[in-house]
Amino acid sequence: MGQTASTDNTARLWDVASGKELHVLWHEEGVNSAEFAPDGKTVVTASDDRTARLWPCEVCRPIDEIATRLHKAIGRDLTDEERRQYGVPDWVQAAKE
C-alpha cells in the first residue's frame with residue numbers, strides 16, 4: 001500500500017500494484033504529509049488545518065487527532081521539544097525516519 005498527500009484537503013491510500021485508490025482521508029485544509037506508522041497499520045497525516053490525525057488503515061477514520069499550537073501543521077520533523085510540547089507520540093516521529 002502507498003500513500004499520497006495533497007493540497008486538495010486529502011491524503012489517499014493506494015494499492016501500489018494495481019494503482020487503485022483504496023481510501024480517501026479528509027482534512028479541512030491541504031494535507032502536507034501522510035506517513036505510515038512503524039506498525040504499518042496506522043497512517044499519520046498533517047494538515048494546514050493545524051491538526052495531525054491518526055487513521056487505522058482498516059477503517060480509515062481518525063482514531064486520534066493531535067491539535068497543535070503551530071500556525072500551520074508542518075511537513076518537517078518536529079523537534080524533541082515540539083513533540084513534548086504538543087503531545088505527539090514518539091512513534092509519529094519514527095514513522096518519518
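The values are calculated or read from the model by the stated rules, or taken from the named source; none is laboratory data. This one's a predicted model, so the numbers in the text were calculated from it and none came from an experiment. When we count neighbours, we look across all protein chains shown, and the Cβ atoms used for this are built from the backbone with ideal geometry, even at glycine.
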- Note on the structure: Counting only residues that are farther than 14 Å from GLU58 by Cα and modelled with pLDDT under 90, segment 4-20 contains a total of 5
- Just to be sure, is TRP91 within 13 Å of the chain's Cα centre (by Cα), at pLDDT below 90 and part of a strand (DSSP E or B)? no
- Task: Would you mention how many residues in segment 3-27 are more than 13 Å from the chain's Cα centre (by Cα) and not hydrophobic (A, V, I, L, M, F, W, C)?
- Result: 8
- Item | ALA34 small (Gly, Ala, Ser) and either surrounded by 20 or more Cβ atoms within 10 Å (Cβ to Cβ) or in contact with a Leu (Cβ under 6 Å, 6 or more places away or on another chain) (or both) | yes
